[in-house]
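The structure that follows is given in the form of C-alpha cells.
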Amino acid sequence: MVSRSYSNLLDLASGDSPTFGREKKRFPRVATVPGLLSEVDDDNCNSVGSDAPSSVSQERMIIVGNQLPLRSHRNADDGEWCFSWDEDSLLLQLKDGLGEDVDVIYVGCLKEEIAPNEQDDVAQTLLETFKCVPAFLPPELFTKFYHGFCKQHLWPLFHYMLPLSPDLGGRFDRSLWQAYVSVNKIFADKVMEVISPDDDYVWVHDYHLMVLPTFLRKRFNRVKLGFFLHSPFPSSEIYRTLPVRDELLRALLNSDLIGFHTFDYARHFLSCCSRMLGLSYQSKRGYIGLEYYGRTVSIKILPVGIHIGQLQSVLNLPETEAKVAELRNQFRGQTVLLGVDDMDIFKGISLKLLAMEQLLMQHPENTGEVVLVQIANPARGRGRDVQEVQSETYATVKRINDTFGRPGYDPVVLIDSNLQFYERIAYYVIAECCLVTAVRDGMNLIPYEYIICRQGNEKLDETLGLNPLVPKKSMLVVSEFIGCSPSLSGAIRVNPWNIDAVAEAMDSALIVSEAEKQLRHEKHYRYVSTHDVAYWARSFLQDLERACGDHLRRRCWGIGFGLGFRVIALDPNFRKLSVEHIVSAYKRTKNRAILLDYDGTLIRTGSLSTTPNAEAVVILNNLCRDPKNVVFLVSGKDRKTLTEWFSSCEKLGIAAEHGYFIRSNRDADWETCVSVPDFDWKQIAEPVMKLYTETTDGSAIETKESALVWNYLYADPDFGFCQAKELLDHLESVLANEPVSVKSGQHIVEVKPQGVNKGLV
C-alpha cells in the first residue's frame with residue numbers, strides 16, 4: 001500500500017521561498033496512487049525530484065543543528081537585535097572543509113528567545129545576512145523538547161544511565177516524546193522552505209534531530225541526506241530499554257549516510273539494527289552498508305577534529321601571551337596538571353580529584369611541587385544531579401586543600417567561573433599534563449586543543465624561556481570511555497573508575513623522560529594537525545556524495561505512515577504489478593500456470609500457526625476448478641505434511657522439498673525431479689548439525705527426506721549468525737566429496753542434493 005500522506009509541492013513552487021540566487025524550478029508531482037510504475041513519465045511522478053541533471057554547477061549544503069552558529073544580543077541604544085558568527089561553533093568551523101564552491105545554508109534555533117512580533121524581521125535579517133534559517137520554538141515546547149526528552153531521556157541513556165528510579169532521569173514521558181517529534185517536524189518545515197531536492201545535500205547533526213530524516217525522506221524521496229551523531233551510541237542492552245527504540249532506528253535509516261566518532265558506537269548501532277529490526281550489514285571495499293528496503297544506508301566512522309586556525313589565531317593574541325606570563329609566575333617551580341570539563345555527572349571530575357588525593361598520599365614528595373588546575377565549565381543541563389556534582393566537587397577540593405595545602409600552596413585550584421577562550425588556552429600552554437577522566441563522552445576535543453596549544457609559537461616560546469629548536473613535549477592521561485581515546489595512541493589510557501590506576505597514571509606522566517614526552521607529543525601533533533575539522537567535513541561530504549550516487553538510477557516508492565514511513569528503492573527495470581493488469585490478462589488467456597509459495601504467501605510471515613486456514617484452501621479449490629488453470633504449490637516443506645494439509649484440494653499440484661518431490665494432483669503418484677542414488681551423506685551431516693544445535697540455544701534440526709536444515713531463527717541473532725558461518729564451513733569441509741550442495745539462507749543452513757531448487761518446477 002502506498003502512503004497517501006504526501007502533499008503536493010506545486011503550491012510550494014508558486015510561493016515566495018528564498019532561492020539564494022537559484023532559478024526557481026517547477027517541482028514535480030508526487031505519486032499518491034497505487035498502480036503500475038510507467039516506464040516513461042514526463043513528470044517523474046514516482047517520487048519528488050526530477051531525474052534530469054541540474055544545471056546549477058555550485059553544490060549547496062543545508063546544515064541542520066539544534067542551534068545556529070550565531071551569537072545574539074540586543075543593542076543597548078535602540079533595542080535592536082545584533083547577530084554575529086559564533087566562531088566556537090562546530091557547524092561554522094566545518095564549513096572550511098566543504099570548499100569554496102559549496103554554498104552553505106544553516107537551519108537551527110537561536111540561543112535567545114525572540115518575541116513573536118519580531119520573528120519575521122529577525123528571520124529575514126538572518127536569511128539575507130548569514131544565510132541562516134531560524135526555527136522559532138514556543139518556550140514550553142522547547143523546554144519539553146530540550147530539557148525534557150533530549151536531556152532527561154536520550155542524553156542519559158546514550159551515556160549508559162538507565163532510569164532505574166524517578167531520581168535517575170525519570171520514567172518515560174510520552175508527552176516529552178511528542179514534543180520531540182513536533183520540534184523535528186518544525187525543523188523539517190524550515191528545511192523544506194529552502195531546499196532544492198534535486199541538487200542540495202542535507203547534513204543533520206546530533207541526537208536532538210534523530211527523527212528529522214523521516215520527515216525529509218517522506219517529502220522528498222530522493223533527498224541527499226546525511227546524519228552525524230556526536231554523542232555515544234549505547235550497546236543494544238542499554239538502547240533496547242528505550243520505549244521508542246524502533247522509531248528512532250527507522251528514522252535514522254531514512255538517511256543515506258550515518259556518521260559516528262568511533263567503531264564502537266557504529267558497532268552498537270549495527271547491533272541494535274540487527275537485534276531489533278532484523279537487518280544485517282556488509283562491508284564492501286572498505287565501506288559498511290545496511291540494506292534497508294532496497295536502499296543501502298552507509299555507515300561512516302571518523303572522529304571529528306578541531307579548527308586549528310582558530311586556535312593558532314588565539315595563541316597569537318597579545319592577551320594570551322600576557323596571561324601565559326602571568327600563569328608562569330603564579331605556578332613558578334610547580335608542575336601543573338590540567339583538567340577542563342563541564343560540570344556534569346559524566347565528566348568524572350570527582351574521580352579525578354580522588355586520584356589527585358591518592359597521588360599526594362602515596363607520593364608525599366609531590367606536595368608543594370604538583371598542582372591540579374580544574375576548570376569546571378557550567379553544565380549544559382540542569383537538575384539535582386548537577387547540584388550533587390557541584391557539592392561533591394567543592395567538598396573534595398576543600399578536603400584535599402585542607403589536608404595537603406600550606407601557606408601559598410593549594411594542591412587543587414578549582415576555577416568554576418566563566419573563562420575567556422584565550423585564558424583557557426593559556427592554561428593549556430603551561431600545563432605539563434592534561435587529564436580527561438570522563439566516565440562516558442561522545443568525543444571530547446580537550447586533548448586535541450591541548451596538543452595544538454603545547455606546540456605553541458615563537459612568541460610563547462620566548463615568554464616561557466623555551467628554545468624554539470628543541471622539540472615540544474606534552475603528556476595525556478585519558479579515559480578509555482571517551483571517543484578521542486582510540487585516536488591518541490600515545491596517551492596513557494585509564495579506567496576512570498579505578499582511582500588507584502588513575503593516580504598511578506598521573507605519577508607516570510610526571511616521571512616519564514623528556515625524550516618520551518617529545519615523542520608522544522610529536523605523534524599526537526601529527527595526527528591532530530592532519531585530522532582537523534575541515535578534513536572531517538570534507539571526508540563526510542565525499543562519502544555522502546558516494547552514498548547518494550545511485551539516487552537517479554533508482555525508482556523510489558514511499559510506504560508507511562508516520563514514523564514508520566520508509567522508501568523502497570527499486571531497480572529502474574522493476575515494474576510494479578497492478579491488480580487491474582493481472583485481472584485483465586487473466587480474463588484474456590486460455591492457459592494459465594499459477595505457482596504459489598507457501599510461507600509468506602498462503603500464511604503470514606512469522607505466524608506461529610503454520611497450517612493453512614480454511615479461506616486459503618477454498619481459494620485454491622476455486623482456482624483449481626477452472627480447466628484453464630494449472631495450479632502448483634511450491635514449498636520447502638516435506639510431502640507428508642503438505643499431503644495432510646491439502647488433502648481436500650483434488651486438482652492442486654504440489655512440489656515438496658523445493659521441487660525434489662512433485663505430483664500433478666491428489667491422485668497422482670509422487671515423482672522425484674532429480675535422481676539421487678543414496679542419502680548416506682546424512683550420516684555425515686547430521687552429527688555435525690547436532691553438535692551445533694547443542695551449543696546454540698534456540699536452534700533446531702529439521703529432517704526431510706531429501707535434505708537436512710539447521711534453523712537458528714530463535715537463537716541469539718549475533719551468536720546464531722556466527723555459528724551458522726562456522727557450520728557452513730564445517731559442512732562444506734566434511735561433505736566436499738558428496739553430491740550435495742550446502743547453502744545458507746534466512747536463519748538456516750541447508751544440505752540438499754545438487755540440482756534441487758524451485759526452478760525445477
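The values are calculated or read from the model by the stated rules, or taken from the named source; none is laboratory data. Bear in mind that the values here come from a model prediction, so they are computed numbers and not experimental data. Methodologically, a virtual Cβ is constructed for each residue, glycine included, from the backbone with ideal geometry; neighbour enumeration extends over all protein chains shown. Calculation scope for accessible area: heavy atoms of the full protein, side chains included, ligands and nucleic acids excluded. Shrake-Rupley method; radii C 1.70, N 1.55, O 1.52, S 1.80 Å.
Modelled label-to-label distance, S733 and T367, 7 Å Cα→beta-carbon offset: nm?
6.4
Then there is this: For N665 and K725, what is the calculated FRET efficiency with R₀ set at 60 Å and r taken between the beta-carbons, to the nearest 0.05?
Result of the calculation: an efficiency of 0.90.
Now, a different point. At E522 and R604, where each label point lies 7 Å from the Cα along Cα→Cβ, what is the point-to-point distance in nanometres?
Placing both labels 7 Å along Cα→Cβ, they lie 6.8 nm apart.
May I pose another question? Provide the percentage of antiparallel DSSP beta bridges, counting only those with both residues in the chain; round to the nearest 5.
40
Still on this structure: Any chance you could check the Cα centroid distance between the range 331-407 and the range 731-760 for me, in angstrom?
So the separation of the two Cα centres works out to 65 Å.
Compare the Cα positions of Q542, L577, L713 along the charge dipole of the chain (+1 at Cβ of Lys, Arg; -1 at Cβ of Asp, Glu; about the Cα centre) and return the one farthest towards the positive end.
Farthest towards the positive pole: L577.
Sticking with this one: What are the aspartates and glutamates whose alpha-carbon lies under 17 Å from the alpha-carbon of K628, with same-chain residues fewer than 8 places away excluded?
Hits, sequence-local ones excluded: E650.
What FRET efficiency, computed as 1/(1 + (r/R0)^6) with R0 = 30 Å and r the Cβ-Cβ distance, is obtained for Q124 and F421, rounded to the nearest 0.05?
Values: r = 31 Å, r/R0 = 1.04.
The formula returns an efficiency of 0.45 here.
Determine the calculated [θ] at 222 nm for the chain from helices alone, applying -39500 (n - 2.57) to every DSSP H run no shorter than 4 residues and normalising by the residue count; nearest 500 deg cm²/dmol.
Values: 25 runs with 273 residues, N = 761.
Taken over the chain, the calculation gives -11000 deg cm²/dmol.
A follow-up question, please. Test of understanding: what is the full-extension gain from R384 to D101, defined as 0.36 nm times their sequence separation minus their Cα-Cα distance? Kindly include the intermediate steps, with their values, before the conclusion.
Numbers: separation 283, 0.36 × 283 = 101.88 nm, distance 4.79 nm.
Contour length minus the Cα-Cα distance gives 97.1 nm.
Carbon and sulfur: what percent of the chain's accessible surface (1.4 Å probe)?
Carbon and sulfur: 49 percent of the exposed surface of the chain.
I want to check the label-to-label distance for L469 and N621. Put each point 7 Å from Cα in the C-beta direction and report it in nm to one decimal.
It is 10.3 nm.
Right, another one. Using the beta-carbon distance between T403 and F331 and R0 = 30 Å, what value does 1/(1 + (r/R0)^6) give for FRET efficiency, to the nearest 0.05?
0.90
Which entries of K576/K637; K95/K300; K95/K151; K640/K758 have Cα-Cα distances beyond 25 Å here?
K576/K637; K95/K151
Here is a further query. Straight-line reach from K587: which aspartates and glutamates fall under 18 Å, measuring Cα to Cα and dropping same-chain residues less than 8 apart?
Within the straight-line cut-off, K587 pairs with D626.
So, for the range 60-301, what is the accessible surface per residue at a probe of 1.4 Å, expressed in square angstrom?
Numbers: 9290 Å² over 242 residues.
Heavy-atom SASA per residue in the range 60-301 reads 38 Å².
A further question follows. Which of T641, T367, H261 sits closest to the plus end of the dipole of the chain, meaning its Cα is farthest towards the positive end, when Lys and Arg get +1 and Asp and Glu get -1 on the C-beta?
Of the listed residues, the answer is T641.
Considering only the range 213-336, what is the antiparallel percent among its DSSP beta bridges, to the nearest 5?
Once the DSSP bridges in the range 213-336 are tallied, antiparallel ones form about 55 percent.
Sort the following peptides by mean Cβ neighbour count (other Cβ atoms within 10 Å, averaged over residues), highest first: 261-273, 406-418.
On the way: 261-273: 20.8, 406-418: 14.2.
Going by the mean number of other Cβ atoms within 10 Å, highest first, we get 261-273, 406-418.
Which whole-number percentage describes the relative contact order of the chain, with Cα contacts under 8 Å and a sequence gap of 6 or more?
Averaging sequence separation for qualifying contacts and normalising by length gives 11 percent for the chain.
With θ set to phi - 60°, apply the Karplus curve 6.51 cos²θ - 1.76 cosθ + 1.60 along the range 468-482 and write out the HN-Hα couplings as whole Hz, x wherever there is a Gly or Pro.
Here the 3J(HN,Hα) series is x, 7, 7, x, 6, 9, 6, 9, 10, 10, 10, 5, 6, 9, 10 Hz.
Distance between Cα centroids, the range 486-562 to the range 413-434: provide it in whole Å.
23
What is the packing order of peptides 239-250, 587-598, taking the mean over residues of other C-beta atoms within 10 Å and listing the highest first?
In decreasing order of mean packing, 239-250, 587-598 become 239-250, 587-598.
Please work out how many pairs of lysine residues in the range 680-753 are eight or more positions apart (or on different chains) and have Cα atoms closer than 12 angstrom.
Final tally of qualifying lysine pairs is 6.
On to the next question. For the range 577-672, give the share of DSSP beta bridges that are antiparallel, in percent and rounded to the nearest 5; count only bridges with both residues there.
Expressed as a percentage, antiparallel bridges in the range 577-672 total about 35.
Report the one residue of Q723, S165, V324 whose Cα lies farthest in the direction of the positive end of the charge dipole of the chain (charges on C-beta: Lys and Arg +1, Asp and Glu -1; origin at the Cα centre).
After comparing all options, I get Q723.
Report the charge-dipole magnitude of the range 308-530 in Debye, nearest 20, computed about the Cα centre from +1 at each Lys and Arg Cβ and -1 at each Asp and Glu Cβ. Don't skip to the answer; put the middle values down first.
Details: 22 positive and 29 negative charges, 67 e Å.
Approximately 320 debye in magnitude.
Another question, then. Report, in debye and to the nearest 20, how large the dipole of the chain comes out about its Cα centre when Lys and Arg carry +1 and Asp and Glu carry -1 on their Cβ.
Here the chain has a charge dipole of around 2400 debye.
Assigning unit charges at the beta carbon (Lys, Arg +1; Asp, Glu -1) and nothing else, what dipole magnitude in debye, to the nearest 20, does the range 680-753 show about its Cα centre?
180
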